[in-house]
Amino acid sequence: MKYPRRLAIAHFHLRPGGVTRVIGHALAALSKSGARVAVLAGPSEHRDVPEGSCVREVDGLGYAEDLAGSASAAEGLAGRLKEAAREALGGPPDLWHFHNHSLGKSAAVPLAIERLAAEGQRLLLQIHDFPEDGRPANYRSLLEHVGQKRAALLGRRLYPQALHIHYATLNTRDLAFLRAAGVALERLHFLPNPVDLRDGGAGNVCPLAPPAKAGLFLYPTRAIRRKNIGEFLLWAAAGRKNDRFAVTLAPTSAGDRLIYDRWIAFARELMLPMEFEVGRDGTASFPQLLARATAVVTTSVAEGFGLAFLEPWLAGRPLLGRDLPEMTSDFKNEGLDLSSLYARLLVPLEWVDPAALRNAIEGAWPALLAAYGRSPRRGDVDKAFSAACEKDRVDFGRLDEALQEKVIRRVRTGKKSIRELSPSLLSSGREAASVIEKNRRLAEQLFNLDQYGQRLLEIYSHILESEPGPADPMNPDKLLDMFLAPDRFYLLRT
């Protein structure tokens with residue numbers, strides 16, 4: 001097998017968060033491989049990568065608030081990437097590993113990758129999130145500035161196909177979607193993220209606190225819209241006396257920040273036992289934050305991988321909240337017990353008014369499709385409405401913020417309203433120490449750094465053995481069809 005001697009890993013930034021943690025884990029996993037590894041990123045903090053890592057900041061690689069003009073900057077970015085890699089590695093890289101190049105936070109990055117691909121540079125494009133999956137503003141910007149308002153051109157540039165270009169996905173759903181869209185199976189790789197908490201200095205296992213009359217329920221996330229912060233506030237409204245709820249990080253984008261600030265004001269108005277940005281100052285490591293919690297919570301309605309479904313077990317903490325079967329099926333198939341999670345949080349439909357929900361869908365669905373250059377089909381709204389409801393109840397996660405606020409106000413009125421929730425308790429009562437230990441053991445066995453490093457090296461070897469050359473194009477319309485199915489529609493993802 002051929003392994004890279006010089007490897008360049010590139011991402012928009014190294015701010016605290018999931019992708020940065022994955023890059024840090026990759027650096028640790030590859031430390032014994034003998035490869036020289038350089039991380040290229042836009043200007044940012046470097047908190048979540050191992051000490052002594054080779055990091056180079058590259059001008060133009062970061063997020064761009066305005067994508068206009070990025071196309072003309074792509075050639076310069078490609079040159080700066082090559083120069084930075086050559087300077088850091090002592091020669092050109094054998095392979096480039098890009099994270100989330102297609103997200104839509106930059107037009108220059110996919111266009112620079114197009115130039116690298118045309119030169120025959122071997123590439124691994126690891127996708128954590130798709131712009132087609134509930135990121136209409138991102139897709140719209142990409143369509144204009146990368147695709148020149150032509151979807152076919154955008155597809156060719158966003159997902160270039162060649163024998164020397166391979167793709168890695170975090171879950172089997174994304175792999176299946178790309179395969180169905182035409183990406184050759186031999187250039188597709190399933191690469192689940194590793195989990196490891198030792199970098200924070202607290203060890204992988206934290207002692208489990210004894211049961212208490214009050215607890216701290218921690219949502220370790222950057223509170224962007226799809227994280228469904230309203231549902232976390234609902235549990236705060238329904239919690240026991242003296243229970244506390246905390247979210248770790250604020251969003252960075254202006255749009256998400258507006259919604260986040262609205263939730264802060266709402267929580268204060270209702271005097272909810274909520275703390276915001278408990279991880280902001282960096283005085284406590286991520287494992288230390290987990291160790292302080294009685295339980296870890298997730299209420300997200302969409303994830304690329306779902307580190308939140310694995311990391312709590314390593315910290316000896318139970319995981320509560322919302323299940324995401326599209327993501328967690330991979331974990332359950334490996335034997336993890338996630339029975340403490342609920343697939344839906346049902347509330348009486350009359351609390352939000354069926355007409356108000358239908359009107360919200362009728363307004364948001366066509367606008368979402370329009371951002372992707374699509375028009376609604378007959379019956380789409382009915383399918384989306386039916387997917388949100390179950391008889392006379394509706395899944396709280398399918399509501400928008402305004403409707404969620406109505407429900408939270410209702411729940412805040414007392415125990416009678418809380419009993420109308422299904423489930424009515426955040427804790428299922430099944431978070432036994434034996435389950436925590438079983439899941440901890442499985443997470444360590446299946447998603448450890450050694451296994452991750454071996455998977456990476458095997459993928460790199462496949463790419464290095466691929467001769468540069470053309471390949472059949474993928475079908476971007478097919479990819480959109482799968483992500484834009486009306487039964488997958490969430491108002492929080494518009």
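The values are calculated or read from the model by the stated rules, or taken from the named source; none is laboratory data. Everything numeric in this text was worked out from a predicted model, so none of it was measured. Counting neighbours? That spans all protein chains shown, and the Cβs are built from the backbone with ideal geometry, glycine included. With ligands, DNA and RNA removed, areas are computed over all heavy atoms of the protein, side chains included. Shrake-Rupley method; radii C 1.70, N 1.55, O 1.52, S 1.80 Å.
Return the pair list, or none, for Cβ contacts closer than 7 Å from residues in segment 332-354 that are in contact (Cβ under 8 Å) with a residue 60 or more places away in the chain and surrounded by fewer than 19 Cβ atoms within 10 Å (Cβ to Cβ) to residues that are assigned to a helix (DSSP H, G or I) and acidic (D, E), at least 6 apart or on different chains.
none
So L258 ticks every box in (1) under 16 Å from S417 (Cβ atoms); (2) open to solvent by 30 Å² or more (accessible area, probe 1.4 Å) but one. Which box is left unticked?
Looking at each condition in turn, L258 falls short on (1).
List the strands (runs of 3 or more DSSP E) that sit entirely inside segment 1-113 and contain at least 1 residues that are closer than 28 Å to E311 by Cα and of a type in the set (A, V, I, L, M).
6-11, 36-41, 54-57
Give R393, R455 a once-over and let me know the one that is among the charged types (D, E, K, R) and closer than 30 Å to P93 by Cβ.
It is R455.
Is there any pair linking a residue in segment 431-459 that is in contact (Cβ under 8 Å) with a residue 40 or more places away in the chain to one that is surrounded by fewer than 19 Cβ atoms within 10 Å (Cβ to Cβ) and of a type in the set (F, W, Y), with Cβ under 9 Å and at least six apart or on different chains, and which?
Final answer for the pair search is R455/F190; L457/Y3.
Residues of segment 316-332 being part of a loop (DSSP other than H, G, I, E, B) and not hydrophobic (A, V, I, L, M, F, W, C), which ones?
Matches in segment 316-332: G316, R317, P318, D323.
I'm checking my understanding of the structure. Among residues of segment 131-158 that are open to solvent by 30 Å² or more (accessible area, probe 1.4 Å) and free of Cβ contacts under 8 Å to residues at least 12 places away in the same chain, which one is farthest from F483 (Cα to Cα)?
Residue satisfying both the conditions and the ranking: Q148.
Got a sec? Which of T283, T252 is under 17 Å from the mean Cα position of the chain (by Cα), open to solvent by 50 Å² or more (accessible area, probe 1.4 Å) and of a type in the set (S, T, N, Q)?
Selected residue: T252, the only one of T283, T252 that is under 17 Å from the mean Cα position of the chain (by Cα), open to solvent by 50 Å² or more (accessible area, probe 1.4 Å) and of a type in the set (S, T, N, Q).
On the given criteria, is E277 among the acidic types (D, E), open to solvent by 20 Å² or more (accessible area, probe 1.4 Å) and under 25 Å from I418 (Cβ atoms)?
Here the answer is no, as E277 does not meet what is asked.
In segment 292-318, how many residues are touching a Cys at 6+ places or on another chain (Cβ under 8 Å) and either surrounded by fewer than 22 Cβ atoms within 10 Å (Cβ to Cβ) or not aliphatic (A, V, I, L, M) (or both)?
Selection size over segment 292-318: 2.
Pairs, please: C-beta under 8 Å, at least 6 apart or cross-chain, first residue closer than 18 Å to L158 by Cα and in segment 470-489, second assigned to a loop (DSSP other than H, G, I, E, B) and of a type in the set (V, I, T)?
Between residues of segment 470-489 that are closer than 18 Å to L158 by Cα and residues that are assigned to a loop (DSSP other than H, G, I, E, B) and of a type in the set (V, I, T), the close pairs are M474/V183.
Right, R441: open to solvent by 30 Å² or more (accessible area, probe 1.4 Å), assigned to a helix (DSSP H, G or I), in contact with a Leu (Cβ under 8 Å, 6 or more places away or on another chain) and under 28 Å from V296 (Cβ atoms) or not?
no
Among the residues of segment 141-157, which ones are in a helix (DSSP H, G or I) and basic (K, R)?
R156, R157
Looking at segment 459-494 only, could you name the residues that are aliphatic (A, V, I, L, M), farther than 30 Å from A137 by Cβ and in a helix (DSSP H, G or I)?
Selection gives I459, I463, L464.
Considering only segment 36-51, I want to know if a residue exists there that is among the hydroxyl-bearing types (S, T, Y) and touching a helix residue (DSSP H, G or I) at 6+ places or on another chain (Cβ under 8 Å).
No, segment 36-51 has no match at all.
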